[in-house]
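Here is the structure we will look at.
The values are calculated or read from the model by the stated rules, or taken from the named source; none is laboratory data. In this text, all values refer to a predicted model and were calculated from it rather than measured experimentally. Positions of Cβ are backbone-derived with ideal geometry, glycine not excepted, and every protein chain shown enters the neighbour counts. Surface areas here come from the heavy atoms of the whole protein model, side chains and all, with no ligands, DNA or RNA. Shrake-Rupley method; radii C 1.70, N 1.55, O 1.52, S 1.80 Å.
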Amino acid sequence: MDFTFTEEQQAAVEAARAVFSDVAPDRAPSPALTRGAVAEDIDRRLWHELARTDLLGLTLSPDHGGAGLDPIALCLVLRESARVLARVPLLESCAVATALQRYGDRALAAELLPRAGRGEQILTVGANGRTGHDPAELAVSARPYGDEDGDGDGRDDGPDGGGSGWVLDGVQTAVPWAQVADWIAVPAHTAGGRPVLALVPRTRDGVTLADQVSTNGERLAEVRLEAVRVESRELIAVAGCWDWLRSLLTTGTCALALGLGERVLAMTADYTGKREQFGFPVATFQAVAVQAADRYIDLRAMEATLWQAAWRISTGSGGPLPAAGDVAVAKIWASDGVRRVVQTAQHLHGGFGADTDYPLHRYHAWAKQIELSLGPAAAHEEALGDLLAAHPLG
């Protein structure tokens with residue numbers, strides 16, 4: 001495998017590094033010292049800077065004012081954002097915009113995507129379902145408008161529901177920054193069990209939000225939909241849309257885990273290289289060096305599996321397993337790897353790592369949130385097992 005990045009992808013990384021170089025992880029209050037969310041809003045200054053440097057439109061086509069790059073480029077930028085714990089919905093907004101461009105109504109895309117690329121519209125997505133354990137699309141039902149008994153009424157086979165719109169009912173929990181988003185992408189299922197994706201304005205009648213707080217102190221919301229009417233063009237019924245978007249969200253989460261883990265290991269190397277015991281830096285002790293080396297191996301495995309998954313999503317290339325298999329492997333490594341990295345970092349920092357004036361505890365909280373986001377390692381191991389059973393190798 002050749003994971004050499006293109007000049008355009010490398011340029012996106014350089015632009016991202018320039019933007020994030022001015023971001024401090026402790027710009028917001030510490031989640032350990034804050035009751036509730038650490039802030040009511042995203043980092044608007046950073047969001048506007050990402051828009052100014054065209055990083056919000058990275059995966060959008062030039063027709064929509066974007067750079068026309070692929071999900072690999074987005075993952076590269078997400079990797080940089082995690083190093084500084086950037087408090088912006090970069091993954092969610094870009095992923096939903098890319099899915100709309102790829103699968104959605106052309107008129108809606110032409111109307112919405114240029115504004116999303118300029119940072120004027122914020123998009124988010126409910127990917128956790130009602131409990132975070134069951135498929136997200138099962139938590140919300142979608143029926144054609146006027147189909148009061150919910151049996152499809154013979155119109156459930158077409159993407160426009162008979163031309164009269166759709167009605168959504170259900171709940172999506174832990175939706176990132178739903179309170180400040182303009183549009184919320186909501187996976188749902190029809191009477192026939194077909195997964196669809198609805199784009200719902202946050203202010204639409206029947207949409208109510210209840211505040212929730214993530215492990216890292218970021219603002220989430222339980223989004224409840226009660227007889228919410230959406231237009232036909234706001235619902236994407238193209239086969240594979242939700243699966244593709246979820247794969248992109250999961251792969252982007254792996255990129256966040258990698259960037260965070262790399263930054264934490266660098267912090268650990270810097271600390272243990274300066275901290276002395278018995279007249280020697282603790283980094284020279286074999287027990288310390290071996291633990292750090294193990295975590296370095298974790299990061300390299302996380303990196304290799306991340307780019308394999310991102311490549312499959314970006315190119316649609318075939319393989320012995322569907323792309324979902326590569327995504328599952330990447331998430332298994334990301335979930336377990338980032339947890340091991342921060343735990344080792346805390347151990348090697350000693351009591352200093354728990355000092356709330358030092359940023360390591362913030363990275364630990366973010367790592368736990370990333371580990372569990374879109375399913376922990378065990379959930380993806382189960383999914384991988386199902387894929388292996390359905391597609392025997394050899």
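Condition check: at pLDDT below 95, crowded, with 17+ Cβ neighbours inside 10 Å and over 25 Å from the mean Cα position of the chain (by Cα). Does Asp157 satisfy that? Lay out the reasoning, then the answer.
Numbers: at pLDDT below 95: yes; crowded, with 17+ Cβ neighbours inside 10 Å: no; over 25 Å from the mean Cα position of the chain (by Cα): yes.
Against the criterion (at pLDDT below 95, crowded, with 17+ Cβ neighbours inside 10 Å and over 25 Å from the mean Cα position of the chain (by Cα)), Asp157 does not qualify.
Quick check on my filter: what residues within the range 364-387 are of a type in the set (A, V, I, L, M) and open to solvent by less than 70 Å² (accessible area, probe 1.4 Å)? Lay out the reasoning, then the answer.
Filtering the range 364-387 down to residues of a type in the set (A, V, I, L, M) leaves 365, 367, 370, 372, 374, 377-379, 383-384, 387.
Those that are of a type in the set (A, V, I, L, M) and open to solvent by less than 70 Å² (accessible area, probe 1.4 Å): Ala365, Ala367, Ile370, Leu374, Ala377, Ala378, Ala379, Ala383, Leu384, Leu387.
Quick grid of which residues meet (1) buried (at least 23 other Cβ atoms within 10 Å of the Cβ); (2) over 22 Å from Ala28 (Cβ atoms):
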{"residue": "Asp54", "(1), (2)": "no, yes"}
{"residue": "Gly57", "(1), (2)": "yes, yes"}
{"residue": "Ser61", "(1), (2)": "no, yes"}
{"residue": "Gly65", "(1), (2)": "no, yes"}
{"residue": "Gly68", "(1), (2)": "no, yes"}
{"residue": "Cys75", "(1), (2)": "yes, yes"}
{"residue": "Arg79", "(1), (2)": "yes, no"}
{"residue": "Leu90", "(1), (2)": "yes, no"}
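Of all residues being open to solvent by less than 50 Å² (accessible area, probe 1.4 Å), of a type in the set (A, V, I, L, M, F, W, C) and without any contact (Cβ under 8 Å) to a residue 60 or more places away in the chain in the range 294-305, which is nearest to Cys75 (Cα to Cα)? Just the residue, please.
Once the filter is applied, the top-ranked residue is Met302.
Give me the pairs, please: first residue somewhere in the range 16-36 and closer than 8 Å to Gly217 by Cβ, second residue anywhere and basic (Lys, Arg) and outside any helix (DSSP H, G or I), beta-carbon distance under 7 Å, and either six or more positions apart or on two chains.
What qualifies is Ala28/Arg87.
Pick from the range 198-211 the residues that are under 14 Å from Val228 (Cβ atoms) and either charged (D, E, K, R) or touching a residue at least 60 places away in the same chain (Cβ under 8 Å) (or both): which of them is most open to solvent (accessible area, probe 1.4 Å)?
Going residue by residue through the range 198-211, those that are under 14 Å from Val228 (Cβ atoms) are 198-209.
Adding the requirement that they be either charged (D, E, K, R) or touching a residue at least 60 places away in the same chain (Cβ under 8 Å) (or both) leaves 199, 202, 204-205.
Working: Leu199: 5, Arg202: 73, Arg204: 59, Asp205: 126 Å².
The qualifying residue most open to solvent (accessible area, probe 1.4 Å) is Asp205.
Out of the residues in the range 182-193 meeting the condition of being in a loop (DSSP other than H, G, I, E, B) and closer than 17 Å to Val228 by Cα, tell me which one is farthest from the chain's Cα centre (by Cα).
Only one residue fits best here, namely Ala191.
Is it the case that the range 330-343 has a residue that's without any contact (Cβ under 8 Å) to a residue 40 or more places away in the chain, of a type outside the set (Asp, Glu), in contact with an Asp or Glu (Cβ under 6 Å, 6 or more places away or on another chain) and open to solvent by 40 Å² or more (accessible area, probe 1.4 Å)? Walk me through how you get there before you give the answer.
Pass one, the range 330-343, residues without any contact (Cβ under 8 Å) to a residue 40 or more places away in the chain: 339, 343.
Add one more test, that the residue is of a type outside the set (Asp, Glu), and what stays is 339, 343.
Filter once more, keeping what is in contact with an Asp or Glu (Cβ under 6 Å, 6 or more places away or on another chain): 339.
This time we only want the ones that are open to solvent by 40 Å² or more (accessible area, probe 1.4 Å), so: 339.
Taking every residue of the range 330-343 in turn, at least one turns out to be without any contact (Cβ under 8 Å) to a residue 40 or more places away in the chain, of a type outside the set (Asp, Glu), in contact with an Asp or Glu (Cβ under 6 Å, 6 or more places away or on another chain) and open to solvent by 40 Å² or more (accessible area, probe 1.4 Å).
Mind counting the residues in the range 233-285 that are among the hydroxyl-bearing types (Ser, Thr, Tyr) and under 16 Å from the mean Cα position of the chain (by Cα)? Step through it out loud before you land on a result.
At the first step, the residues of the range 233-285 found to be among the hydroxyl-bearing types (Ser, Thr, Tyr) are 247, 250-251, 253, 268, 271-272, 284.
Then keep just the ones that are under 16 Å from the mean Cα position of the chain (by Cα); that gives 247, 250-251, 253.
Qualifying residue count for the region: 4.
Go through the residues of the range 356-363 one by one and say whether even a single one is touching a Cys at 6+ places or on another chain (Cβ under 7 Å) and either open to solvent by less than 20 Å² (accessible area, probe 1.4 Å) or of a type in the set (Asp, Glu) (or both).
Initially, the range 356-363 is screened for residues touching a Cys at 6+ places or on another chain (Cβ under 7 Å), giving none.
Among the residues of the range 356-363, not one is touching a Cys at 6+ places or on another chain (Cβ under 7 Å) and either open to solvent by less than 20 Å² (accessible area, probe 1.4 Å) or of a type in the set (Asp, Glu) (or both), which makes the answer no.
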